[in-house]
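Novice: Once you've had a glance at the structure underneath, I'll fire off some questions.
The values are calculated or read from the model by the stated rules, or taken from the named source; none is laboratory data. Remember, predicted model here, so these are calculated numbers, not experimental data. Reconstructed Cβ throughout: ideal geometry from the backbone, glycine too, with neighbour counts over all protein chains shown. Side chains are part of the model used for accessible areas, which takes the heavy atoms of the whole protein and leaves out ligands, DNA and RNA. Shrake-Rupley method; radii C 1.70, N 1.55, O 1.52, S 1.80 Å.
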Amino acid sequence: MTKNKDSQLLLSLYRTMRLIRVAESSLIKLFADSEIPGFIHLSIGQEAVAAGVMAALEERDTVATNHRGHGHVLARGMELDLFFKELMGKDGGICRGRGGSMHVADRSKGILGANGIVGAGIPIALGSALAHSVRGTGGVAVAFFGDGAMAEGVLHESLNMAALWKLPMLFVCEHNGWSEFSQTKEQFVAELADLARAFGIQHVQVDGNNVEEVALAAQQLTSQARAGGPRILECKTHRIRGHFEGDSQKYRNAEELIAADDCDPLIFARAMIEQCGVAPAAVDGIDAEVEAQVAASVLAGRADRQPDFAQAFADVYTATAAQG
Ligand SMILES: Cc1ncc(C[n+]2csc(CCOP(=O)(O)OP(=O)(O)O)c2C)c(N)n1
């Protein structure tokens, strides 16, 4: 890769990360002002995983995510207005305001859905990988999950089936060290590498705060998975905010929070871009464009109408189910 090409890739990855950061930062205020119903779980600090993995995917690929999935769906290209309207519970949202933060889905982009149940997106991606395999689509299914899911049986069963049937699937673990308010090392006795070994699946661990490293590993692993056989990508990263928005994080010590701030993937990417000889003004330009884009989508979300009751129930129960 030439230096020029490198900087183009980095700029594009940086733009995606900045979009996630600005979108989620605006959600902080919207949530505090009660403009977002329900709970939100922010991925601030973990943007490099979403940007790096999505850059490796093709249109035919499919993705299932978890409760901390805003970054994944934005990086996959969910339309920003539709995203904000959905999170604000508005009629024009991608799921007509019924899904909200933890249940966004967009089949037009191969996004099979976010999921509030730990590990529950994994078998959905597994089913999709089976469909890719049976139908010969050439697609790969990606499951994003946190390290908290390592202790869930559904991950172990899914690893087994994916390996047994050589499915085109990429398991992506965002290892931030925490499962809600408990450290993962206090609730899971092994490492992801041990599970990989047990099921005979190739496992690669990367610095999840280095977007270039994530992107290169994801590129390699998806092309291997596409050829028929699951792969695992483990990204070591940091959750900068609390488990959910509003969590005061009393269970974390100050040093850890400062260390998480020091690993900011955006600052790291910006430094790499400048090392390629790109003028800081070019990066500032991206920041300004993204800020304007997000501000416009927040306004579009505010301007949209609430779904009415009849609409909120439509498609939730079929006529047959309602009668029976
Ligand atoms: C099956 C199940 N058990 C417990 C919970 C409660 N819960 C919600 S998020 C969470 C921890 C998730 O940690 P992790 O998967 O590492 O993701 P992170 O929040 O760190 O991104 C738990 C235990 C749940 N939603 N589902």
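Novice: Students sometimes get this wrong: rank Phe144, Phe268, Phe199 by accessible area, probe 1.4 Å, all chains present, largest first.
Specialist: Phe268, Phe199, Phe144
Novice: What length, rounded to one decimal in nm, is gained on full extension from Ala295 through to Ala198, with 0.36 nm per residue of separation minus their alpha-carbon distance?
Specialist: 30.2 nm
Novice: Just to be sure I understand: with springs between alpha-carbon atoms less than 10 Å apart, which residue in Lys236, Lys250, Lys85 has the highest mean-square fluctuation in the Gaussian network model of the chain?
Specialist: Most flexible of the set in this elastic network: Lys250.
Novice: Expressed as a whole number of Å, what is the distance separating the alpha-carbon centroids of segment 31-78 and segment 116-180?
Specialist: 16
Novice: Charges only on Cβ, +1 for Lys and Arg, -1 for Asp and Glu: so what's the dipole of the chain about the Cα centre, in debye to the nearest 20?
Specialist: 820
Novice: Could you tell me what a quarter of the Cα convex hull surface of segment 3-304 works out to, in nm² with one decimal place?
Specialist: For segment 3-304, averaging the hull's shadow over all directions gives 14.9 nm².
Novice: Which residue fluctuates most in the GNM of the chain (Cα springs below 10 Å): Glu256, Glu213, Glu47?
Specialist: Highest fluctuation of the listed residues: Glu256.
Novice: Once you've got the GNM for the chain with C-alpha springs shorter than 10 Å, pick whichever of Leu221, Leu299, Leu80 has the biggest mean-square fluctuation.
Specialist: Most flexible of the set in this elastic network: Leu299.
Novice: OK, next. Tell me what the chain gives for mean residue ellipticity at 222 nm when only DSSP H runs of n ≥ 4 count, each as -39,500 (n - 2.57), the sum divided by the residue total, rounded to 500 deg cm²/dmol.
Specialist: The per-residue figure over the chain is -15000 deg cm²/dmol.
Novice: Which pairs, out of Lys90/Lys236; Lys109/Lys236; Lys85/Lys166; Lys185/Lys250; Lys29/Lys236, put more than 30 Å between their alpha-carbon atoms?
Specialist: Beyond 30 Å between Cα atoms: Lys90/Lys236; Lys85/Lys166.
Novice: Something else about it: May I ask what percent, to the nearest 5, of DSSP beta bridges between residues of the chain are antiparallel?
Specialist: Looking only at bridges with both residues in the chain, the antiparallel portion is about 10 percent.
Novice: Listed highest first by mean packing, meaning other Cβ atoms within 10 Å per residue, what order do 32-42, 65-75 come in?
Specialist: Those peptides, ordered most packed to least, come out 65-75, 32-42.
Novice: Something else about it: By accessible area of protein heavy atoms, probe 1.4 Å, what ranking do Tyr251, Tyr14, Tyr317 get, highest first?
Specialist: The residues order as Tyr317, Tyr251, Tyr14, largest area first.
Novice: Among Pro265, Ala105, Ser43, which residue has its Cα positioned farthest towards the positive end of the charge dipole of the chain, with +1 placed on the Cβ of Lys and Arg, -1 on the Cβ of Asp and Glu, and the dipole taken about the Cα centre?
Specialist: Highest projection toward the positive end goes to Ala105.
Novice: Would you mind computing, in nm to one decimal, how far apart the modelled labels at Leu257 and Val134 are, each placed 7 Å from Cα along Cα→Cβ?
Specialist: It is 4.9 nm.
Novice: In what order, largest first, do Asp308, Asp81 sit by accessible area if the probe radius is 1.4 Å?
Specialist: Ranked list, largest accessible area first: Asp308, Asp81.
Novice: If you take the charge dipole of the chain about its Cα centre, with +1 on Lys and Arg Cβ and -1 on Asp and Glu Cβ, which of Gly127, Val211, Ala295 is farthest toward its positive end?
Specialist: Gly127
Novice: Quick one: grab the alpha carbon gyration tensor of segment 1-158, order the square roots of its eigenvalues as a ≥ b ≥ c, and give me rounded if a/c is under 1.5, else prolate or oblate depending on whether a/b is larger than b/c.
Specialist: Since a/c reaches 1.5 but b/c is at least a/b, the shape of segment 1-158 is classed as oblate.
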